[in-house]
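Chemist: Below is the structure I would like to discuss, written out as structure tokens.
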Amino acid sequence: MKSVEQKISSGNVLEVKDLKTYFFTGRGVVKAVDGVSFELKEGETLGLVGESGCGKTITCLSILRLVPGPAGRIVGGEVILDGDDLLSKSEKAMRRIRGKKVSMILQDPMVSLNPVFTIGNQMAEPVRIHQKLSRRLVWEKVKEMLRLMSIPSPEIRIREYPHQMSGGMRQRVVGGIALSCQPRLLIADEPTTSLDVTIQAQYLRLLKEVQQKENLAMIMVTHDLGIVAKVCDRVAVMYAGKIVECGDVREIFYRPAHPYTKALLGSLPKMEERQEKLYTIEGQPPELHALPPGCSFAPRCPDVQEICKQEYPPQSIIKDGHCTSCWLFAARKA
Ligand SMILES: Nc1ncnc2c1ncn2[C@@H]1O[C@H](COP(=O)(O)OP(=O)(O)OP(=O)(O)O)[C@@H](O)[C@H]1O
Ligand SMILES: [Mg+2]
């Protein structure tokens, strides 16, 4: 009863609250995800951006409870899907949720597809597991998914193996598998990195169309701010395991607050200006097992102040729905 009330009152498909996922390694504790919170509504797309190693993939894997063990462990927080806390579910219950209520598309389609099974068999598997349909209906459903993902001649393609398809087609098959059981939440982790630019645009358009049709909530992990501008409604910027800024796409692009977000945007090539050299962010992201005290971006920040090196900044609200954790915006402590 409580979960239903929660669902109605919040209107959120997903609520991630103070999520912490650490890796306990010989070198120390790697705080890959360290207090991440965000929300996602039906039909909404959240872009998760940040430099390599900042914790985007581990955040997504934590939602599905697929953190690589035994070193990796979710040590705190809540992941609430439709009012239910996934972190308190049994492994058996999680298996019913993965692929049915929450699906994930990985970066490289060859990792998700098994080379020795036909496309049809691989697409049919989640449908067989999660939906009690007759054999004939399962195949009909698979063909429908191939059609939905704009794969021509589904009757022929269904019998082919992954190596007989192009990269773009394979990624569409993976998209089809992810969407086959009408999930509530789709997580796409760099889904277009292995595709060339034209196919990339086509694939994103297709994903967006399907998302709108099915009213899916979507998390889009990407390095590419151009993709964020095209497909996302909101953006969460991650740095060293934490979300440093979150807001509507327009707010983030036109009124970025955090110096790291500004630096990320500054490294985008601009069409209207002839640039001799691309801007790069000086320095490297910190090692997550040996984070400096205070704000992790302080050593690279052009606006660094003394307090930044001592204490992590509290979250400040810039405007409705636009938040940042930066001392530039925080009320100073007495
Ligand atoms: N199995 C593991 N053992 C130890 N540390 C790990 C393990 N997997 C990931 N990490 C650490 O967790 C941190 C976050 O990794 P994650 O894969 O989430 O980064 P990312 O933001 O997705 O990067 P990229 O953009 O390169 O995909 C990294 O610093 C990484 O070194
Ligand atoms: Mg990643």
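Chemist: Report those strands (runs of 3 or more DSSP E) wholly inside segment 16-99 carrying at least 3 residues which are within 16 Å of ligand 2 (Cβ to nearest atom).
Modeler: Values: elements: 28-41, 45-49, 72-81.
It comes to 28-41, 45-49.
Chemist: Sticking with this structure for a sec: Hey, does segment 164-181 have a residue that's closer than 30 Å to LEU14 by Cα and of a type in the set (Ser, Thr, Tyr)?
Modeler: Checking segment 164-181: at least one residue is closer than 30 Å to LEU14 by Cα and of a type in the set (Ser, Thr, Tyr).
Chemist: Out of LYS56, LYS41, I need the residue that is touching a residue at least 40 places away in the same chain (Cβ under 8 Å), near ligand 1 (Cβ under 10 Å from one of its atoms) and among the charged types (D, E, K, R). Which one? Quick ask: steps written out before the conclusion?
Modeler: Details: LYS41 fails: near ligand 1 (Cβ under 10 Å from one of its atoms).
Just a single option satisfies the conditions, and that option is LYS56.
Chemist: Just the residues that are surrounded by 15 or more Cβ atoms within 10 Å (Cβ to Cβ) and without any contact (Cβ under 8 Å) to a residue 60 or more places away in the chain, please, taken from segment 313-326.
Modeler: Step one: list which residues in segment 313-326 are surrounded by 15 or more Cβ atoms within 10 Å (Cβ to Cβ), which gives 313, 315-316, 318, 322-326.
Within segment 313-326, PRO313, GLN315, SER316 meet the criteria.
Chemist: Here's something else I'd like to know. Examine segment 196-203 for a residue that is in contact (Cβ under 8 Å) with a residue 12 or more places away in the chain, touching a helix residue (DSSP H, G or I) at 6+ places or on another chain (Cβ under 9 Å), assigned to a helix (DSSP H, G or I) and within 25 Å of ASP84 (Cα to Cα), and state whether such a residue exists.
Modeler: No, every residue in segment 196-203 fails to be in contact (Cβ under 8 Å) with a residue 12 or more places away in the chain, touching a helix residue (DSSP H, G or I) at 6+ places or on another chain (Cβ under 9 Å), assigned to a helix (DSSP H, G or I) and within 25 Å of ASP84 (Cα to Cα).
Chemist: Out of the residues in segment 70-119 meeting the condition of being surrounded by fewer than 16 Cβ atoms within 10 Å (Cβ to Cβ) and β-branched (Val, Ile, Thr), tell me which one is nearest to HIS163 (Cα to Cα).
Modeler: In this case the residue turns out to be VAL116.
Chemist: Moving on. For segment 65-112, name all the residues that are touching a Lys or Arg at 6+ places or on another chain (Cβ under 6 Å) and over 22 Å from LYS208 (Cβ atoms). Lay out the reasoning, then the answer.
Modeler: Pass one, segment 65-112, residues touching a Lys or Arg at 6+ places or on another chain (Cβ under 6 Å): 75-78, 82-83, 94, 101, 109.
Once the filter is applied, which keeps residues that are touching a Lys or Arg at 6+ places or on another chain (Cβ under 6 Å) and over 22 Å from LYS208 (Cβ atoms), segment 65-112 yields VAL75, GLY76, GLY77, GLU78, ASP82, GLY83, MET94.
Chemist: Please find, within segment 44-53, the residue that is farthest from GLY283 (Cα to Cα) out of those that are within 16 Å of ligand 1 (Cβ to nearest atom) and of a type outside the set (A, V, I, L, M). Spell out the reasoning first.
Modeler: Looking only at segment 44-53, we keep the residues that are within 16 Å of ligand 1 (Cβ to nearest atom), and these are 46-53.
From what's left, of a type outside the set (A, V, I, L, M): 47, 50-53.
On the way: GLY47: 24, GLY50: 15, GLU51: 12, SER52: 13, GLY53: 14 Å.
Per the stated criteria, the residue is GLY47.
Chemist: Okay, next question. Which residues, taken from segment 47-65, are under 8 Å from the mean Cα position of the chain (by Cα) and basic (Lys, Arg)?
Modeler: Within segment 47-65, LYS56 is the sole residue that qualifies.
Computed from the coordinates by the stated procedures, all read-outs in this text should not be read as laboratory data. Note that the structure is predicted; figures quoted are calculated from it, not measured. Don't worry about glycine lacking a Cβ; one is built from the backbone with ideal geometry, like all the others, and counts go over all protein chains shown.
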